[in-house]
Amino acid sequence: MKSIRFLAATALATSTVFSVTAAWAQGTAPAASAANESDEEKDSKPIVVTGSRIARPTLDSDVPLTSVTVDELTETGNVSLGDALNNLPSLRSTFSAGNSTRFIGTAGLNVLDLRGLGTDRTLVLVNGRRHITASPGDNVVDVNTIPIDLLEAVDVVTGGNSAIYGSDAVAGVVNFRLKRDYDGVRLRAQGGISSKGDRGSYFASVTAGRNFGDGRGNIAVAAEFARQQPLFFRDRDALTGAYSGRCQFQTVEPQGAAGGETGPSASDGIPDTQFLCGVKNATISDGGTIGGIGGGRYLRFSSLGDVFTDTPTQTFTTFGSGNQQGGEGSTLRNTGSLLAGVNRYTFNLLAHYDVSDAFRPFVEAKYVQIKASGEGQPSFFTNVAGLGAPAMRCNNGFLKATALSTLQGFGLCANVATGTIPLARFNTDFGGRGEQHKRETYRFVGGVEGTFNDDWKYEVVLNYGEFKSHVNSTNNLYLADENGDPDGFALAVDAIVAPGSFTGSNFVLNSAGQKVICRVNGVSNVRADCVPINVFGSGQPSAAALAFSHRDGFRDEKATQFVASTFIA
């Protein structure tokens, strides 16, 4: 059997997906329809009932059970099972491809959240058995580790399962049922790209299985590769407002004492909100903001380090909000991942042999490697002293004379030697803080199951899982050494014009052609490695200053799980 399909999907822009599937069946088709099965064949197959140990085909349940076949999940062209499942009304997309980068350390995770009650309250099972976590310290399963082409169906049971499985099943259970008797070879590949020419998504797999021993045994292996290219906020300004400003609900009237709207600050007691676009944060900007100067205006630094007065179209400070429309405030979206980049390699083995109805040994084994990347917001500050640096001084060597004069016109820096500036800055030109993950998952399940005495069923299982993670955290501000003394950015941001006696090599020329050095080297060159950094304007820091002010970090994590279980019913 050979088939070619053309699919269409929508992923932040129209996506076109091309899928090719080729399968060579040996003997029987990989999946025989229920209509073609004899009663004897049906009776000989194990009955799987999600959310219960009672294996009766006529079992009725008072709680809703949703069963979705793998064809229904993959026909959308989505290469992520989690994203496909999140289309179900019972699931909330807490950790999907579209928002896995909103927290530190979660880029690329696809975790299920039934009814929005929390990922720790949703129990994920594979063939009714527990699976190793994908986040040490939490009991959550990355469903990207589930083999797509060995999947038969997904059962979702909401509620009523904590009595069976424990408190991690308060919201319900999602059980991935894998194929038991796969016979044949299947090759599958698909690729897609958005209408804007980005966010390429690709998938390729090979699955092979064979029945033996007159159909009493089966062994199946599957290898899969999936790739999803990253997408950033700045790639979708119309959606994220990375440059033009966010679209959001904004409070436009304060909640005060009821009594009628008779004055400019009166209220009817009901907080009024409107859905507005072009919203920015008024009190911080990419080039640096000094603060409000009355009348809804702000003093800001232009990209070249000049001070100007910014008058937004509308401000909302009188309503308890630091936002504005128009003007040059920060959108907070100049950096950051809209969709994480993910490369996934999956290898699975399933095998069983029915020695008799009462003795059926089975094995499940898997190895999954996932490499994911994500970018978050850049570093920022509203007061450099809060980062362990001295307050921003008016005699900073990078502050232009014209900018100083403008500030003095507004009553700031009257005493240049001792005066300070309340600078707030969103450090977009430092680059977004990034994460590169390498996650490895190992799982081995071995056991024996069977039926005896007509209606008795038992199972004995050993289940071992291991998860290892290595995370590189990039572009972090370096503020203090291991002793807690100021270092890195805390030294570099406090800069002065070099005295005539300075002989060091780590200096940066300011706009007037003067040598600027770290203040710590003003008397003696005690920190010869310190490179001053210019934070007045956007795009001004030198590469050497950024290297001195930033450090990369890493984190290694490991989790293991061992379950020995038996039951008889």
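Numbers at a glance
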| read-out | value |
| --- | --- |
| Accessible-area ranking of ARG246, ARG300, largest first, probe 1.4 Å | ARG246, ARG300 |
| Helix-only mean residue ellipticity at 222 nm for the chain, each DSSP H run of n ≥ 4 adding -39500 (n - 2.57), per residue, nearest 500 | -1500 deg cm²/dmol |
| Probe 1.4 Å - accessible area at THR251, Å² to nearest ten | 50 Å² |
| Over the range 473-569, equivalent-ellipsoid semi-axes from the Cα gyration tensor in Å | 47, 15, 9 |
| Where N is the number of residues in the chain, Cα Rg divided by 2.2 N^0.38 Å | 1.24 |
| Cα convex hull of the range 322-428 - mean projected area over all directions, nm² | 14.3 nm² |
| Convex hull volume per residue for the range 432-490, taking Cα atoms only, in Å³ | 147 Å³ |
| The range 65-116: equivalent-ellipsoid semi-axes (sqrt of 5 x gyration tensor eigenvalues, Cα, Å) | 20, 14, 7 |
| Stokes-Einstein D (µm²/s) once Rh is taken as the Kirkwood radius of the range 180-329 over alpha-carbon pairs, at 20 °C in 1.002 mPa s | 103 µm²/s |
| Which of HIS470, HIS550 is most accessible, then next, and so on - probe 1.4 Å | HIS470, HIS550 |
| Sparsely packed trypsin sites (Lys or Arg not before Pro) within the range 411-510, loop by DSSP, other Cβ within 10 Å at most 16 | none |
| Share of alpha-carbon pairs per 5 Å distance bin for the range 362-421, given as whole % | 4, 13, 17, 13, 11, 7, 5, 5, 4, 4, 4, 4, 3, 3, 2, 2, 0 |
| Under-5 Å amide H pairs with GLU459, H placed in peptide plane, nonlocal only | PHE567 |
| TYR442 - accessible surface, heavy atoms, 1.4 Å probe, Å² rounded to 10 | 80 Å² |
| Calculated P(r) tail over 20 Å for the range 106-213, as whole % of Cα pairs | 53 percent |
| Which of LYS179, LYS280 is most accessible, then next, and so on - probe 1.4 Å | LYS179, LYS280 |
| Cα-based Rg of the range 305-374 normalised by 2.2 N^0.38 Å, two decimals | 2.61 |
| Compactness of the range 460-517, expressed as Rg and Dmax over alpha-carbon positions, Å | 22.9, 82 |
| Cross-link pairs beyond the 19 Å C-alpha cut-off, checked among LYS366/LYS438; LYS280/LYS400; LYS196/LYS438 | LYS280/LYS400; LYS196/LYS438 |
| Estimated translational D of the range 397-461 in µm²/s (Stokes, Kirkwood radius over Cα pairs; 4 °C; 1.567 mPa s) | 66 µm²/s |
| Solvent-accessible surface (1.4 angstrom probe) belonging to THR317, in square angstrom, nearest 10 | 70 Å² |
| Rounded to whole Å, sorted largest first: equivalent-ellipsoid semi-axes of the range 375-506, Cα gyration tensor | 61, 17, 12 |
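The values are calculated or read from the model by the stated rules, or taken from the named source; none is laboratory data. What you are looking at is a predicted structure, and each value in this text was computed from that prediction instead of being measured. Because the Cβ atoms are built from the backbone with ideal geometry, glycine has one as well, and the counts that use them run over all protein chains shown. Ligands, DNA and RNA are stripped out before the accessible areas are found, and what is left, the full protein with its side chains, is counted by its heavy atoms. Shrake-Rupley method; radii C 1.70, N 1.55, O 1.52, S 1.80 Å.
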